[in-house]
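Heads up: the structure comes next, in structure tokens.
The values are calculated or read from the model by the stated rules, or taken from the named source; none is laboratory data. The model shown is predicted, which means the values in this text are computed figures rather than measured ones. Here the Cβ positions follow ideal geometry from the backbone for every residue, glycine too, while neighbour counts run over all protein chains shown.
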Amino acid sequence: MTALLVKNIGILQTPLGSHSHKGREQGENQKLKNAAILIEGGLIKEITSDGKLPAGKADEVIDAEGRLVTPGLVDGHTHMVFGGYRQNEIPLKLKGATYLDILRAGGGILDTVRHTREASKEELLDKTSGFLDEMMGFGVTTAEAKSGYGLDLPNEVKMLEVINELNESHDMDMVATFMGPHATPDEYKGREDEYIDMICKEMLPYVKEHKLAEFADVFTEDSVFNYDQSKKYMQTAKDMGFLLRIHADEIEAIGGSKLAGEMGAVSAEHLISINEEGLESMAKGGVTAMCLPATSFYLGANFAPARKMIEMGIPVATASDFNPGSCPSLNLQFVMNLACIKYRLLPEEVLTAVTINPACALNRGDKVGTLEVGKQGDLVIWDAPDMEMLCYRFCSNLAAKVIKKGKIVK
């Protein structure tokens, strides 16, 4: 087994444990000075501090030169597999068209569906692989990706196969989420109940049988899927053994966050318009809030009440929501900046929100999200002395070196 030693770390900063961090614990990070970390066979073998070096022998040594080291970042919410782009929507938005206005007119998600259906699997593999390279360059070492731009069985399967094949071939660890109910396709327009029935009877069983995804997600929103339709889908998915996620309260609070708590979803996403009932349901149900500040930024929308969520004991994670319509950015460092500036999260809380909390929401908290002996050797050496600098500098890539399972990938 090959071994990598990273020495002369100015500050090694990490949350600890393999559980979601909430409340006060959201801001608790271990900070080791003048540290070193030994990775052997892809796993962390030893961590030392105060100038002491690990006892094990290394095949390769990296001098961190006094820089900050953190766990590799975890992006817990993306829609990175898609055909085409949607830059043509910018003039519509500048003239006042809203996200739902564009969707109702047959654009938005439905436009991406048309392009994704037209794209070959090989084209999607090549395009998404490029996105993964770019994300890894920003310090992301684990990422979730959803289907939802196929909206029929062959194309949803095509998307999920892309995610699973990249999980095998790319350095990035990928986690697949099935999101058949992302919108109602043209062929089912006005027949949303029938579309949900078809998903429950045909798509979910196929995805489960072929082990294409471990999570199921639904877009619960005005003009998309209502509370009852979402509940039927989520209950069916839960009965089949899927873990649940839900797009909730992005534009209107129609009960999505409340449903998340009732159904025991691992996470609820967006939450821009969440109300008190939704917050209480999520806190009671142990649901992670997957907040997406870059989407709020791009849409000119409000920002989710992340500070209040922490005060209520809800674990907060932040993710890119990279997609071609409402957030055409995969820069998780910018998300960290926004989490500090717009959510008013402290640097320690921000680090937790992009490491262990999304890792746990992806059912990977025992493997990634912290720097501890026995976990994967996923880490970032930053061109910064501390977390404060990462939260302070924006629109610059401060990832100096990215290491995945003990391998230098950037």
Fill in the blank from the handout: Just one listed residue, out of Ile109, Ile9, Ile62, Ile90, is in contact with a Leu (Cβ under 8 Å, 6 or more places away or on another chain) and outside the structural domain of Gly377 (by TED's automatic domain parsing), and it is Ile109
Problem - Unique match (being crowded, with 22+ Cβ neighbours inside 10 Å, touching a residue at least 60 places away in the same chain (Cβ under 8 Å) and either under 30 Å from Lys146 (Cα atoms) or in contact with a strand residue (DSSP E or B) (Cβ under 9 Å, 6 or more places away or on another chain) (or both)) among Leu73, Leu100, Leu38 - result: Leu73
Handout entry: Meets criteria (of a type in the set (A, V, I, L, M), within 26 Å of Ser257 (Cβ to Cβ), touching a helix residue (DSSP H, G or I) at 6+ places or on another chain (Cβ under 9 Å) and in the same structural domain as Ile254 (by TED's automatic domain parsing)) for Val175
Key = yes
Completion exercise
Considering the range 251-280, residues that are crowded, with 24+ Cβ neighbours inside 10 Å and in a loop (DSSP other than H, G, I, E, B), and then whichever is farthest from the chain's Cα centre (by Cα), we arrive at Ile274
Exercise for the section: Being within 17 Å of the chain's Cα centre (by Cα), of a type in the set (Asp, Glu) and within 25 Å of Thr98 (Cβ to Cβ) narrows it down to one of Asp186, Asp217, so name that one. Expected result: Asp217
Fill in the blank from the handout: Checked against (1) modelled with pLDDT of 95 or more; (2) in the same structural domain as Pro181 (by TED's automatic domain parsing), Arg67 satisfies every condition except (2)
Exercise for the section: Taking Ser120 as meeting all but one of (1) of a type in the set (Ser, Thr, Tyr); (2) in contact (Cβ under 8 Å) with a residue 40 or more places away in the chain; (3) surrounded by fewer than 16 Cβ atoms within 10 Å (Cβ to Cβ), write down the number of the exception. Expected result: (2)
Exercise for the section: Could you please find all residues in the range 104-117 being surrounded by fewer than 21 Cβ atoms within 10 Å (Cβ to Cβ) and in contact with a helix residue (DSSP H, G or I) (Cβ under 6 Å, 6 or more places away or on another chain)? Expected result: Arg117
